[in-house]
Amino acid sequence: MISRQTITNPFNRGDYVSGAPSPSKWARNTPVGAGEAALQNQPVHVPAEVVERLRSAAAAVHTAREEVATRTRDWWAGSMIGDTDGRPATPDAVIVEAADAEQVAEVLRICHEARIPVTPSAGRSNVTGAALPVFGGVVLDLCRLNSIRSFDAESHIVDVEAGMFGDLFEQQLQEEYGVTTGHWPSAFAISTVGGWVACRGAGQLSTRYGKIEDMVVGLDVVHADGSRATYGDYARAATGPDLRQLFIGSEGTLGVIVAVRLRVHPLPEYASALAFGFETFEQGLDACRRILQRGATPAVLRLYDKLESGVHFDHPETNLLLIADEGDPELVDSVLRVSRAVCEEYGPELDSTVVFERWLDERMLVGKSSDGFTPGPGFVADTLEMAASWTDLPVIYDEVVAAIQAVPGTLAASAHQSHAYTDGACVYFSLRGDVEPERRREWYRSVWDAANGVLIRHGAALSHHHGCGLLRGPYLADSLGAAFPVFAAVKQALDPEGLLNPGKLGLPSRFGTPPLS
């Protein structure tokens, strides 16, 4: 088995522990809440009488500034820049912990009546600032909604509350029911099921199991006014538009997801892997395309450029492709036969055992300190994942790397292809810079402006699985074009007061203009 993180798998090597993140080794040494807010201008104050109503309605309420700063900290580079200067991102808000869907509904009713903004929050593993309460108000913590409600063994559907952390969810699925979601994001143990759905996430084995939107059968949502509805719960339908998809990827702007029904799969009994080298990144992309268009769907199909091949696998001379699959032995062996036949036309086969073991050891690492850069006070690192057609990906790869490298202060830009489909793929860029500490935000936004300018020009998807949050909000209207007003109209219809997660996804906000990183 490739991916078992929690129980019997010999590849159980994840470093995360479920719970609240402490994302920066520098930020952890800074007094929480000591400085002015880095990403809040004029936060909405929650009146004392509303706080008391919330205390009566919910499981717990936290108002201390230091507590709020800790409980809103995420994994976004834009947040960490402030944290390392002693300026927490969003320390001015009220944290409200709900224990069940009825408490969620009552909190939303109270906030709707008082016109208080509400930011849904759970694992806070997001890297785009999607759960930061930039306008203050209430942060609705969903982590107590943390249980599997039922399992349909015949249909292979699990009903789970939105606040359950990924590692605990997967462990219970395996130990009690003998199944898996196949959903293994890098932030597996510090992210929740509801977060996966709200941000339209992807796991590392998505070519086999699909992205999260392919797994959702149905979901329960609480609307901005506290009303509740169930969306979906059918295998397929032709009953108008698929309303489930409104909320998958909505990042808490259209409603609060409280429970999800997901498709699951029997635990795989067999796994195997291959590795090949390619002279150019473009050749590797072409091989991936041909593998998929022949009908093979390996769980892992990851192509690394020369810089990342060197950093991760000690193969700086080649563009390394790792192919691995799990499941029924006959299907897996067939997939690898097709993959080998395609790849042998391009370049040499590498030692798959060494490559695969190295990937298993390090696959949950976003970056590596061994890549030749010594983090200092002016060092910034981040990742950018996007998706486009096979036709456009080679030129997009070249142009994004060039655009990032052209920004003064950039140390390096590199990429790997991480999730692939018959019509295109996700390319996952890594960017690193080293500037004067006071110029970090300037460099960071300049790099994102440069890279997203390329993506918009080519009509690519700005994000494949991280979502948009605050980070990509400024680019969304240009990216979606005439479709963006339709999105804004949906927001207006479902949340006419604009209370849910304001300032995110580039949507207009009654509370003002969100801050830029």
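Within the assembled protein chains, the solvent-accessible surface assigned to Glu161 is about 30 Å², based on a 1.4 Å probe. Counting lysine pairs in the chain that sit 8 or more residues apart in sequence, or on different chains, and whose Cα atoms lie under 29 Å apart gives 9.
The modelled label-to-label distance for the pair Glu344/His156, using points 7 Å beyond Cα in the direction of Cβ, is 3.1 nm. Using only the alpha-carbon atoms, how far is helix 329-343 inclined from the longest principal axis of the chain? Give it as 0 to 90 degrees, nearest 10. Tilt relative to the chain: about 70 degrees. Label point of Glu213 set 7 angstrom out along Cα-Cβ; within the stretch 166-187, no amide nitrogen lies under 14 Å from it. Here's the picture: a label point sits 7 Å out from the Cα of Arg439 along the beta-carbon direction, and within the stretch 70-106 nothing has its amide nitrogen under 12 Å of it. When only Cα pairs below 8 angstrom with a gap of at least 6 residues are kept, the stretch 56-161 shows a relative contact order of 29 percent.
GluC sites (Glu not before Pro) within the stretch 210-303: which are DSSP loop residues with at most 15 other Cβ atoms inside 10 Å? Spell out each step's value before the answer.
Numbers: sites: Glu213, Glu251, Glu269, Glu279, Glu282; in loops: Glu251, Glu269, Glu279.
Answer in residue order: Glu269, Glu279.
In the chain, the calculated helix contribution to ellipticity at 222 nm averages -9000 deg cm²/dmol per residue, counting -39,500 (n - 2.57) for every DSSP H run with n ≥ 4.
Quick check: from the Cα gyration tensor, does the stretch 63-200 come out rounded (a/c under 1.5), prolate or oblate? Oblate, since a/c reaches 1.5 and b/c is not below a/b. Computed on the chain, with alpha-carbon pairs under 8 angstrom and 6+ residues apart, the relative contact order is 15 percent. Once you order the gyration tensor axes a ≥ b ≥ c over the Cα atoms, which shape class does the stretch 368-517 get: rounded for a/c under 1.5, otherwise prolate or oblate by comparing a/b with b/c? Oblate, because a/c is 1.5 or more while a/b does not exceed b/c. When the Cα centres of the stretch 94-111 and the stretch 118-164 are compared, how far apart do they sit, in Å? Rounded to whole Å, the Cα centres lie 13 Å apart. Restricting the trypsin sites (Lys or Arg not before Pro) of the stretch 226-260 to loop positions (DSSP other than H, G, I, E, B) with no more than 12 neighbouring Cβ atoms within 10 Å leaves Arg236.
Axis of helix 281-293 versus longest Cα principal axis of the chain: the two differ by about 90°, to the nearest ten degrees.
If a/c stays under 1.5 just call it rounded; otherwise compare a/b with b/c (prolate if a/b is bigger, oblate if not). Do that for the stretch 412-458, with a ≥ b ≥ c from the square roots of the Cα gyration tensor eigenvalues. Numbers along the way, then the final one.
Details: a/c = 4.43, a/b = 2.03, b/c = 2.18.
Taking the square roots of the gyration eigenvalues as a ≥ b ≥ c, the stretch 412-458 is oblate.
Our summary gives the stretch 208-266 a relative contact order of 45 percent, counting only alpha carbon pairs under 8 angstrom and 6 or more residues apart. Spin-label pair Val395-Asp233: with each label point 7 Å from Cα along the Cα-Cβ axis, the two points sit 4.9 nm from one another. Summing Lys, Arg as +1 and Asp, Glu as -1, what charge do residues with Cβ under 12 Å from the Cβ of Pro377 carry, Pro377 excluded? Taking every other residue near Pro377 into account, the sum is -2. Which angle from 0 to 90°, rounded to the nearest 10, does the C-alpha axis of helix 393-405 make with the longest principal axis of the chain? So the helix axis and the longest Cα principal axis differ by about 60 degrees.
The values are calculated or read from the model by the stated rules, or taken from the named source; none is laboratory data. Note that the coordinates shown come from a computational prediction; the quantities given were computed from them, not determined experimentally. Positions of Cβ are generated from backbone atoms using ideal geometry, with glycine treated the same way; all protein chains shown enter the neighbour counts. Remember, those area values only see protein heavy atoms, side chains included, never the ligands or the DNA or RNA. Shrake-Rupley method; radii C 1.70, N 1.55, O 1.52, S 1.80 Å.
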